[in-house]
Structures are given as structure tokens and as C-alpha cells.
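**Student:** Quick one: this structure, given as C-alpha cells, is what I'll be asking you about.
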Amino acid sequence: MKPLHRSNIHAGQTLEWFDPDSKENYLAHLKRPEKRKLLEQFGWANLSTEDPVTYCFNSEGFRTAEFDQRENFVAIGCSFTAGIGIQEHLRWTDLVSNQLNLHCWNLGVAGSGSDTCYRILKHWLPVLKPKFVVFL
């Protein structure tokens, strides 16, 4: 079977930095006043490059826990949904999950478009059986 998304290559892996999130990009942004201001605004200007954002991918290549049959909702989307550049607990999907007290399967894929989201959802909807789906 062909992979549903390009992150499948990282299935089951934990990475420090994930393209385009890199130590080099982070340090370059700190040197640019307008970028540094944004990083400071969100509390990211003092991050240690020795303690980067960790990207833990499940066995299917998504930045979410291993799939099971617990009650859930599904989030699909691009890098904003996947949470590129931020810790998992700061992603919008985790914030909504905490507010609703309902587990979220995050099926976000960095660099993806609506067509990829559709293919992913078409495949996983009958497997994960979510209460609802959010596409952002």
C-alpha cells in the first residue's frame, strides 16, 4: 500500500527538530528583529537549542499517540495542526482536547493540502470512529 502522507517515513521515530523547524532556522530567526519579536511575543525566544521541540511520531507516522479505540475526535490539517515548531501540549488540538476532556487523534501533516487531508480522513474515519472531525 502506498503511504497516505510523506511523514510515514518517520513512523515510530522521535526526532529533535523537524523540517522546516531546525536549530539553524531558529538561530537565524533570533538574529532578525521582526522574527525575534514574534518569538518573544509567544515566549519562544529563550528556548535552549540544546532542548529542542521533540517530534514523536506513532507507528503510522502521525504526531499523536498510538491509535486505539478510546472515545475521540480527529483533527486534520497542515503544519499548524501537526504543531511544527511547538511542543505537543501547546498545539491547538491539545488545547481543544483538554477543554472538551476528549482525546484528539492529530492527523496533521506538515506541508499538506486539502487533497492529502481528504485521503487521510477517508482512510482513518472508519478506523478511529471519531465523534467529530475538525479541519484547520
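The values are calculated or read from the model by the stated rules, or taken from the named source; none is laboratory data. Given the structure is predicted, the values throughout are model-derived calculations rather than measurements. Backbone-built Cβ (ideal geometry, glycine too); neighbour counts: all protein chains shown. All accessible areas refer to the heavy atoms of the entire protein, side chains included, with ligands and DNA or RNA removed. Shrake-Rupley method; radii C 1.70, N 1.55, O 1.52, S 1.80 Å.
**Student:** Condition first: under 21 Å from residue 87 (Cβ atoms) and either surrounded by 14 or more Cβ atoms within 10 Å (Cβ to Cβ) or acidic (Asp, Glu) (or both). Now tell me which residues in the range 113-136 satisfy that. Step through it out loud before you land on a result.
**Tutor:** As a first pass, look at the range 113-136 and keep what is under 21 Å from residue 87 (Cβ atoms): 134, 136.
Listed by number, the list holds a single entry, 134.
**Student:** Something else: Residue under question is residue 60, and the condition is that it be at pLDDT 75 or above, of a type in the set (Asp, Glu) and not in a loop (DSSP other than H, G, I, E, B); does it hold? Write out each step before concluding.
**Tutor:** On the way: at pLDDT 75 or above: yes; of a type in the set (Asp, Glu): yes; not in a loop (DSSP other than H, G, I, E, B): no.
The answer is no for residue 60.
**Student:** Can you tell me which residue is modelled with the lowest pLDDT among those in the range 68-97 that are in a loop (DSSP other than H, G, I, E, B) and in contact with a strand residue (DSSP E or B) (Cβ under 8 Å, 6 or more places away or on another chain)?
**Tutor:** Checking each candidate, the answer is 85.
**Student:** Please determine, by comparing only the residues of the range 1-45 that are of a type in the set (A, V, I, L, M), within 29 Å of residue 116 (Cβ to Cβ) and at pLDDT 70 or above, which one is surrounded by the most Cβ atoms within 10 Å (Cβ to Cβ).
**Tutor:** Filtering the range 1-45 down to residues of a type in the set (A, V, I, L, M) leaves 1, 4, 9, 11, 15, 27-28, 30, 38-39, 45.
So of that shortlist, the ones also within 29 Å of residue 116 (Cβ to Cβ) come out as 1, 4, 9, 11, 15, 28, 38-39.
Applying the additional criterion that residues be at pLDDT 70 or above yields 11, 28, 38-39.
On the way: 11: 13, 28: 11, 38: 13, 39: 17.
Taking the candidates together, the pick is 39.
**Student:** Can you tell me which residues in the range 95-117 are farther than 22 Å from residue 56 by Cβ, of a type outside the set (Gly, Ala, Ser) and out of contact with any Phe, Trp or Tyr (no Cβ under 9 Å at 6 or more places or on another chain)? I'd like the intermediate steps shown before the answer.
**Tutor:** Kept after step one, since they are farther than 22 Å from residue 56 by Cβ, are these residues of the range 95-117: 99-101, 113-115.
Now drop any that are not of a type outside the set (Gly, Ala, Ser), which leaves 99-101, 115.
Hits for the range 95-117 are 99, 101, 115.
**Student:** Counting just the residues of the range 98-112 that are among the hydrophobic types (A, V, I, L, M, F, W, C), assigned to a loop (DSSP other than H, G, I, E, B) and crowded, with 22+ Cβ neighbours inside 10 Å, which one comes out modelled with the lowest pLDDT?
**Tutor:** Looking at the filtered set, the residue picked out is 110.
Residue by residue, here is whether (1) under 17 Å from residue 11 (Cβ atoms); (2) of a type in the set (Ser, Thr, Tyr); (3) in contact (Cβ under 8 Å) with a residue 12 or more places away in the chain holds:
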site: 91; (1), (2), (3): no, no, yes
site: 95; (1), (2), (3): no, no, no
site: 101; (1), (2), (3): no, no, no
site: 105; (1), (2), (3): yes, no, yes
site: 112; (1), (2), (3): yes, yes, yes
site: 116; (1), (2), (3): yes, yes, yes
site: 119; (1), (2), (3): yes, no, yes
site: 123; (1), (2), (3): yes, no, yes
site: 128; (1), (2), (3): yes, no, yes
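**Student:** Keeping to the range 61-79, report how many residues are open to solvent by 30 Å² or more (accessible area, probe 1.4 Å) and under 19 Å from residue 132 (Cβ atoms).
**Tutor:** 6
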